[in-house]
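Here is the structure we will look at.
The values are calculated or read from the model by the stated rules, or taken from the named source; none is laboratory data. Nothing here was measured: the structure is a model prediction, and the numbers come from that model. Ideal geometry is used to build each Cβ from the backbone, glycine not excepted, and the neighbour counts take in all protein chains shown. SASA here: full protein model, heavy atoms, side chains in, ligands and nucleic acids out. Shrake-Rupley method; radii C 1.70, N 1.55, O 1.52, S 1.80 Å.
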Amino acid sequence: MEKAIDLDVKRIQALTDATFAVAITITILGINVIPGLKHDDLVDFIFYEIIPALFIYFISFIILGAFWIDSHFHHHLIIKTDRISSWLNVFFLLFICIIPFSSSFLIKYRHHELSNFFYCVNLLIVSLLHLIMLMYTWRNKYIRPHISVLVYKNMKIRILIPILTYCLLIPLAFYISEWIRFLFLAPLFFQIFFGRSKREFIPPEKKI
């Protein structure tokens, strides 16, 4: 296996930030407005098409933001990398870039169970790749030495809970397709309101 170098970490961080910036930006392009509608038709179009589409956009934007924040913490802890770690990150970003398509697919076919299924599978694969990246960097000791096993386990739990949630949502996509999109918010509440403690990432010699 090739020797890991610090420069690769910085380039991975730059690629990750750029990819997330593009993915977050183009997500809004999944919403289209039909021109030439009269007043009454336009009002109906806003309530029955635009508002539901904006809600799906909101969910996708926040999900992408949550993945970026978690990847930001992950990269902040990495001090080394190698070819396998870099490729894992590339595949992670590949499925991040599919999220805008999944969101557009869900917007246009939100009443169809296949669009919900595709969206869930997309998020599940991203979460699985994120977990694999974390486990690989820990196993190869590419994470900063002051990070304890407890912190590592907490990081895994934060990824495993969305994975389990998406696994449960996949079969539900064929039964409650009209309401399942509201359940996409469930992992976000955990990621946003049950964040990491800042003290977990402070080296022992700097803690008071």
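Key figures for this structure:
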item	result
The chain: most fluctuating residue of ASP41, ASP70, ASP17 per GNM, C-alpha cutoff 10 Å	ASP41
Most fluctuating residue given options LEU37, LEU172, LEU106, as computed from a GNM of the chain linking Cα atoms under 10 Å	LEU37
Charge dipole (debye, nearest 20) of the chain; +1 at Cβ of Lys and Arg, -1 at Cβ of Asp and Glu	1140 debye
Calculated percent of Cα pairs over 28 Å apart (choose from (1) 35; (2) 18; (3) 46), label	(1)
Relative contact order (percent, whole number), the chain, Cα cutoff 8 Å, 6+ residue spacing	26 percent
Net lengthening on full extension, TYR175/ALA14 (0.36 nm per residue, minus Cα-Cα)	53.9 nm
Around SER115: net Lys/Arg minus Asp/Glu count, Cβ-Cβ under 13 Å	+1
Computed FRET value (nearest 0.05) for ILE50 with HIS146, which takes r as the C-beta separation and R₀ as 41 Å	0.25
Of every Cα-Cα pair in segment 1-107, the percent that sits beyond 16 Å	63 percent
Segment 121-163 - percent of accessible surface contributed by carbon and sulfur, probe 1.4 Å	70 percent
Residue order for PHE92, PHE47, PHE58, PHE117 - accessible surface, 1.4 angstrom probe, largest first	PHE47, PHE58, PHE117, PHE92
Candidates VAL126, VAL22, VAL43: whichever shows maximal mean-square fluctuation once the chain is modelled as a Gaussian network with Cα springs under 10 Å	VAL43
Theoretical ellipticity at 222 nm over the chain - DSSP helices of four or more residues, -39500 (n - 2.57) apiece, nearest 500	-23500 deg cm²/dmol
Selected from PHE61, PHE91, ILE26, residue furthest toward positive end of dipole (segment 1-122; charges at beta carbon)	PHE91
